[in-house]
Amino acid sequence: MKFAIVFAAILCLFFSSPVEAKDKVLRISTSYRNLLSNSDCSGMLDQIVTEAFRRIGIKVEIVFTTTKRSVVEVNDGLLDGELNRIEGMEQGFNNLVRVPEPNMQMHFVAFAKRDIPISDWESLKDLRIGLVSGWKILEQNIKGFPNVTYLTEIATLFKMLEMDRLDVVLYSQLTGYEELHKLGYDDIHHLTPPLCVNDMFLYLHKSHKEIVVPVAEALREMKKDGTYDKIIQETTGHLH
């Protein structure tokens, strides 16, 4: 009898492994509140990631976490994945595994009212800069600059720019124009060239590493069969 109980327990352990991910809902963290991801999960990335997981038989729930906490909570195993980050996050957060197929390409730009000539990060140094706190890719490139304002809300930064209290606001080009459209500001535009253009990736906690390749393959298939472009057009086409 004891042998039968032990044997049954071993079988349970064997068959419950990482495949269990298919039997539960994975919680994917986002810090966005815009056309990329929103409360009703109709954002561009919400739809892309949900469809990719659906194709491998896994349900996901998109949950909001602040920019600074989002990746930390995934690394700590409190959440299962991080919706959209730059390549290399796994170097600072050892429990993260990157899905090796980009979710999107993000253009990081400087928004301004005036036509300020810029060429690179260093050309911003003497300007009054506004930045959403927690955006590591932007923070690391202006570290040590003398006049930087960090706030949590992009709308507040754009209002400061409109009132000439800032010279530039650094942000994503796509979501920046979405916010400007909401605010009704048509005198603010992005400067060229972009400060950087980065592929953006989904990250999973290492406990789900066995599904990293299948998710990447699902994303590639979506790009091949037109699903990816269809979602982008439906969610962002009004800004082009």
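The values are calculated or read from the model by the stated rules, or taken from the named source; none is laboratory data. These numbers come from a predicted model, not from an experiment. Heads up, the Cβs are rebuilt from the backbone with ideal geometry, glycines too, and the neighbour counts pull from every protein chain shown.
A few remarks follow.
- Flag if Leu219 is aliphatic (A, V, I, L, M), buried (at least 21 other Cβ atoms within 10 Å of the Cβ) and in a strand (DSSP E or B): no
- Meets criteria (without any contact (Cβ under 8 Å) to a residue 12 or more places away in the chain, assigned by TED's automatic domain parsing to the domain that holds Met89 and over 23 Å from Ser31 (Cα atoms)) for Gly184: no
- Residue in segment 21-39 that is outside the structural domain of Trp135 (by TED's automatic domain parsing), within 20 Å of Ile211 (Cβ to Cβ), part of a loop (DSSP other than H, G, I, E, B) and at pLDDT below 85 present: yes
- Whichever residue in segment 126-166 is charged (D, E, K, R) and exposed (fewer than 14 other Cβ atoms within 10 Å of the Cβ) and, among such residues, is nearest to Val71 (Cα to Cα): Glu153
- Failed criterion for Gln233 (all others in (1) among the polar types (S, T, N, Q); (2) buried (at least 18 other Cβ atoms within 10 Å of the Cβ); (3) without any contact (Cβ under 8 Å) to a residue 12 or more places away in the chain hold): (2)
- Every test in (1) touching a Lys or Arg at 6+ places or on another chain (Cβ under 9 Å); (2) at pLDDT below 95; (3) not assigned by TED's automatic domain parsing to the domain that holds Ile56 is passed by Arg85 save one, and that test is (3).
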